[in-house]
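The values are calculated or read from the model by the stated rules, or taken from the named source; none is laboratory data. None of these values were measured; they are calculated from a predicted model. Cβ coordinates were reconstructed from backbone atoms using ideal geometry, including for glycine residues, and neighbour counts include every protein chain displayed.
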Amino acid sequence: DIPVASYAQGCLPISRAFGSGERETVRVRSAAGFELVCTPDHRLMTDRGWVAASELRVGHDRVWIQSSPGAFASESRLPFAVRREFQGRNGRRYRHDLPTDWSRELGLALGWLVGDGWLRTERDHCCVALSFGSADRDILALLKGHLDRWYGRAVKAVQRPRGVVHLSYRGKLFVEFFEALGARPVRAAEKTVPRTLLTAPREAVRGFLQALFTADGTIRKNPQSGSAWIALTSKSRDLLRGVQLLLLNLGIKSRLLDRSRPPRGGLFTYRTVGGADRSYGSDGILFELGIFGRSCETFRQEVGFLGPKHGDLGLQNVRYRGFYREKLSDRVVAVEPAGVQPVFDLTEPQSHSMVAGGLVIHQCGEQALGPNDACNLGSVNVSRLVRETAPEGWSIDWEELERVVRLAVRFLDDVIEVNPYPLPQIDAMVKANRRIGLGIMGWADLLFTLGIPYDSQEALDLAERLMAFVNDRGHDQSARLAEERGPFPNWSHSIYRAGRPLRNATVTAIAPTGTISMIAGCSSGIEPVFALAFEHRVKGADGDRVLPFVSETFGRLARARGFHSEALMAEVARRGSIQGLPGVDEATRGVFKTAHEIDARWHVRHQAAFQRHTDNGVSKTINLPQEATEGDVAQAYLLAREEGCLGITVFRDGCKGTQVLNVGVGPGRGGETDPSVLGERVVKPRPHSLAGHTYRMETPIGTAFVTVNDTESGEPFEVFVQVGKAGSDTMAVAEALGRLVSLVLRLPSPLSAQRRLEEVISQLSRIGGGQPTGFGASKVLSLPDALARVLGEHIGYGARHGSGAARAGQPPLRQVGDLCRECGQATVIYEEGCRKCLSCGFNEC
């Protein structure tokens, strides 16, 4: 899901990201202030090519920096659930109209808060406050309008000495909102860029920078040279480093400067309320972020200042002067130890490079390598090693597998000898360790042929047996080669030195086989098939190409088992799956499951089974369907940790605008199947039985009974609402509300069921009617408002409500009936053989 800047081809998405544990790290720092914390062997692009961080020459090497604007998030939704309502200590309920999406206005407010504002979280002084100078009147009016609207009422601006004006918005919920955005109650020297801005859309980032530079920035001029530059000053180096990266992603290069000087006293005298005089000094700590040359013009176009505050300082005299060409590299000024820290591996499959901390770096991978080492990977197509042995059916040809493994180990070792290496250092390192990585591919096709479901214990047992066999025979062959050719030169310094000598430091690895598996006509690595038919998108010099693939194994077995037909294969090609297809028995459906039809736990268990018998990492993607929840992803990560996996990659279908693999081929691929063929529904089917809770709630139109049923995993699945008598208009409205909420919960969505229900609550809450009931915290405005309260109680969202017993002090409710089409009141009753309204006198007699 993460777009990274590739120095060669603009912005491309990464294909893998996973943790690699904790390792010793170094901090690389450049003259302009760019910093990167990485492992010592991680390579950076320099004027002399890719160089490991530990081998950078301080004062001489120049590292490449991001040369063009980067990508911003397309998702405008804030990365957390926004609470809009709370109950105060006085029992009253309060509501703020807080935004749920990013906007330029929210960026402006956040920028001014970081620049000239503060946050306080103490119980009696909980507030969000902003300060404005005498030259900021227009900005004050602009921001106050937005903040008042989000707060729910206008606050009074407080006049301070020296023309300063303060805005203060009190309330825990309002403060928690800005804390969730990343604002912190810290001193000036500890400020940072709010973390959520790093994944915010472009307009929000521009708004943040515009407000921050207007609050704390200026335009400096050099009278001697007639030049000018834009400067942002702060006591926090970390804040300016974060701003530097945001600017760089807009194509604006800047330089971090240390403007600190010796401490000074008596700079400012202040008289307290009690009449005492206090004198304040300065510790002298100050940093400046400078924007020079051509980047000044880019800043003016992309960001600029708010209002006329800096207008008279403008860049008019600079805009028309010639600029020196900006350097796209920066001198290394320090490489220093950064301690043991968690590190992560990323893979970008096109350029194999990315931008991190503003610097161009090389990608990581599953194969752990030292400086100047190289990958040497091979994969055995195990789907070709299955033989039909009547009467048992199909079985693995273990003798042939052993022959192929031994031959492959010898072949990979020969590759080390004959391969021409670009540098003598690489040649020396590769031959000193002689790493190889032999793995398998075609695992899913093998299971198809054997008739074993991927999501079964039988498949896991076979996985362990197969990989243990490959690992054992591979190491034995490496030992035989050591006897024949000698062990790898670093043998005496390795962890193997006490055992049988080996020719290769590592022997086995499960590599990503996306391309070679297509060439070989088998399934990829140890993955279940992504789909029985799919499209593979590849990039070329003449643009993207789409290659269609249909599982040959499925077609062959369909013919052998007698359910093959042209109509069936056409439907499989369109859908990519056989689930629900007529004419296919249940056992076959269980075997031919695709990645999205297999629970994530089985994905992780397969990876762990192979990892236990593999020297290096295991390439495996936990492919999840589009409706997968945050809980599904969390479960996959936690299970991977418990099972001992070295890393894990989770990919939810549809999380990218474009992706490498897509289910189905041709028009209508992966879409809704013709009902005449399958009768399949868009909404999730209802299980035979569900458990839930029924709540009683008094409403303005009578007593409502709301039933919320949950799935086995505890997520809400459906809602029923009953008010009044069957056949009445009131009951029709209540039933419609329940059906619509249920539909929202059962339609496919990237949001979890709980998150969707929170959105429903946000929409229904506080909808007013003609006759509210109750008062204070128990006041119910309408049937939708009552439903929102019940749903909130069910999922623990917002205030808790009682079971429906009469609340203390609540007046007795009068009898109500159906809705009146004349006056709109719920007072139509059936009396004396006639429907009549008790409020307006309307009758149907």
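Residues to consider are Q224, Q244; find the one that is within 19 Å of F299 (Cα to Cα) and either under 31 Å from the mean Cα position of the chain (by Cα) or modelled with pLDDT under 95 (or both).
Q244
Here region 589-634 is the region considered, the condition is being of a type in the set (A, V, I, L, M) and part of a loop (DSSP other than H, G, I, E, B), and the residue that is nearest to the chain's Cα centre (by Cα) is A628. Any idea which residue in region 184-235 is nearest to S295 (Cα to Cα), counting only those that are part of a strand (DSSP E or B) and among the hydroxyl-bearing types (S, T, Y)? Checked region 184-235; the qualifying residue nearest to S295 (Cα to Cα) is S227. Residues of region 41-77 that are out of contact with any helix residue (DSSP H, G or I) (no Cβ under 8 Å at 6 or more places or on another chain) and closer than 18 Å to P422 by Cβ: M45, T46, D47, R48, G49, W50, V51, A52, E55. Total residues in region 109-163 satisfying the condition of being crowded, with 18+ Cβ neighbours inside 10 Å, part of a loop (DSSP other than H, G, I, E, B) and in contact with a His (Cβ under 8 Å, 6 or more places away or on another chain): the figure is 0.
Criterion first (part of a loop (DSSP other than H, G, I, E, B) and either assigned by TED's automatic domain parsing to the domain that holds I648 or among the aliphatic types (A, V, I, L, M) (or both)) does V63 satisfy it? No, not satisfied.
Here the condition is being crowded, with 20+ Cβ neighbours inside 10 Å, under 12 Å from G33 (Cα atoms), not assigned by TED's automatic domain parsing to the domain that holds V355 and not β-branched (V, I, T); of L240, L232, L247, it holds for L240 alone.
Conditions (1) touching a Leu at 6+ places or on another chain (Cβ under 8 Å); (2) touching a residue at least 40 places away in the same chain (Cβ under 8 Å), marked per residue:
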{"site": "A468", "(1), (2)": "no, yes"}
{"site": "N471", "(1), (2)": "no, yes"}
{"site": "G474", "(1), (2)": "yes, yes"}
{"site": "W491", "(1), (2)": "yes, no"}
{"site": "G499", "(1), (2)": "no, no"}
{"site": "R503", "(1), (2)": "yes, yes"}
{"site": "V507", "(1), (2)": "yes, yes"}
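Answer yes or no as to whether R57 is within 21 Å of G357 (Cβ to Cβ), modelled with pLDDT of 80 or more and out of contact with any Leu (no Cβ under 8 Å at 6 or more places or on another chain).
Yes: the conditions hold for R57.
Looking across region 755-771 at every residue that is within 18 Å of T699 (Cα to Cα) and surrounded by 14 or more Cβ atoms within 10 Å (Cβ to Cβ), the one that is farthest from the chain's Cα centre (by Cα) is identified as Q771.
It is to be established whether one or more residues within region 623-636 are under 18 Å from G525 (Cβ atoms), assigned by TED's automatic domain parsing to the domain that holds I440, at pLDDT 85 or above and of a type outside the set (G, A, S).
Of all residues in region 623-636, those under 18 Å from G525 (Cβ atoms) come to 623-624, 636.
Retained after the next criterion (residues that are assigned by TED's automatic domain parsing to the domain that holds I440): 623-624, 636.
Checking which are at pLDDT 85 or above leaves us with 636.
Right, trim to of a type outside the set (G, A, S) and you get none.
No - not one qualifying residue is present in region 623-636.
If you go through region 390-422 and keep only what is closer than 22 Å to L557 by Cα, aliphatic (A, V, I, L, M) and not in a loop (DSSP other than H, G, I, E, B), you end up with just I396.
Yes/no per residue for (1) in a loop (DSSP other than H, G, I, E, B); (2) within 40 Å of the chain's Cα centre (by Cα); (3) among the hydrophobic types (A, V, I, L, M, F, W, C); (4) farther than 23 Å from M429 by Cβ:
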residue: V470; (1), (2), (3), (4): no, yes, yes, yes
residue: L481; (1), (2), (3), (4): no, no, yes, no
residue: S492; (1), (2), (3), (4): no, no, no, no
residue: R497; (1), (2), (3), (4): yes, no, no, no
residue: L502; (1), (2), (3), (4): yes, no, yes, no
residue: T506; (1), (2), (3), (4): yes, yes, no, no
residue: I519; (1), (2), (3), (4): no, yes, yes, yes
residue: G525; (1), (2), (3), (4): yes, yes, no, yes
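Of all the numbered requirements in (1) out of contact with any helix residue (DSSP H, G or I) (no Cβ under 8 Å at 6 or more places or on another chain); (2) modelled with pLDDT under 90, V418 misses one, and that requirement is (2).
Scan region 471-502 for residues that are surrounded by 15 or more Cβ atoms within 10 Å (Cβ to Cβ) and of a type in the set (A, V, I, L, M) and the total you get is 4.
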